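Structure first, commentary second.
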């Protein structure tokens, strides 16, 4: 496993946000982290980056305890797209994506040919190459989201953590986003993504971790983790389930509140 949480607990002052969480993000797989608002999804990703100090338990990244990682080493190993990430600065989109290569460059060093290729490839994969010369403050929210995701891809890290990256994207680009995450996983990357859209999670993720009140309420393959019982218990909903006519994985659609 690329990221492992062993009995992890964390709190903001007296408010517990993670409680005895044991979960993992596997190499070559897309793990969806789902749960109601305030369930601890963002905190879990931040704990993997040492941005949230844990009160107890252990986090391991590539089989090494998080405490043994340097900041520089972690930045090269884990690419992170935070929730609500935005950029309204008058910076060109390509310049912003090039920031994803900073962990691979000496301080103040110019982009190498390898860096430049990684930047252009990431922009192209996110359908954002045409925005390269435009300023970020001239782009729509959805266009900025695609550029910011390209910055994460440009890092070329073996672990990718994305917190609600589907927000602000139209349906076509939401599907493209999930395709990109699956492409990253097929290259051997460990991908973890927080999602509110259970249809996307059920259709495109290899594994699901369900958080509820800071605890793991369920985890496993989508069809098992997103069972009728857990949907009712955690989300208070019932769902319709559809099969893929081509024989692939089906999906669920939240249908009614219980």
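What is the number of the single condition among (1) surrounded by fewer than 18 Cβ atoms within 10 Å (Cβ to Cβ); (2) in contact with a strand residue (DSSP E or B) (Cβ under 7 Å, 6 or more places away or on another chain); (3) more than 25 Å from residue 225 (Cα to Cα) that residue 52 does not meet?
Residue 52 satisfies all of (1) surrounded by fewer than 18 Cβ atoms within 10 Å (Cβ to Cβ); (2) in contact with a strand residue (DSSP E or B) (Cβ under 7 Å, 6 or more places away or on another chain); (3) more than 25 Å from residue 225 (Cα to Cα) except (1).
Checking residue 113 against (1) modelled with pLDDT of 90 or more; (2) loosely packed, with under 15 Cβ neighbours inside 10 Å; (3) more than 21 Å from residue 75 (Cβ to Cβ): exactly one of these is not met. Which one?
(1)
Among (1) touching a residue at least 40 places away in the same chain (Cβ under 8 Å); (2) part of a strand (DSSP E or B); (3) more than 25 Å from residue 100 (Cβ to Cβ), which single condition is residue 203 missing?
With respect to (1) touching a residue at least 40 places away in the same chain (Cβ under 8 Å); (2) part of a strand (DSSP E or B); (3) more than 25 Å from residue 100 (Cβ to Cβ), residue 203 is out only on (2).
Being out of contact with any strand residue (DSSP E or B) (no Cβ under 7 Å at 6 or more places or on another chain) and on the phi > 0 side of the Ramachandran plot is the filter here; which residues of the stretch 128-176 pass it?
Of everything in the stretch 128-176, those that are out of contact with any strand residue (DSSP E or B) (no Cβ under 7 Å at 6 or more places or on another chain) and on the phi > 0 side of the Ramachandran plot turn out to be 156, 168.
The values are calculated or read from the model by the stated rules, or taken from the named source; none is laboratory data. Because the structure is predicted, anything quoted here is derived from the model rather than measured. Cβ: placed from backbone, ideal geometry, glycine included. Neighbour counts: every protein chain shown.
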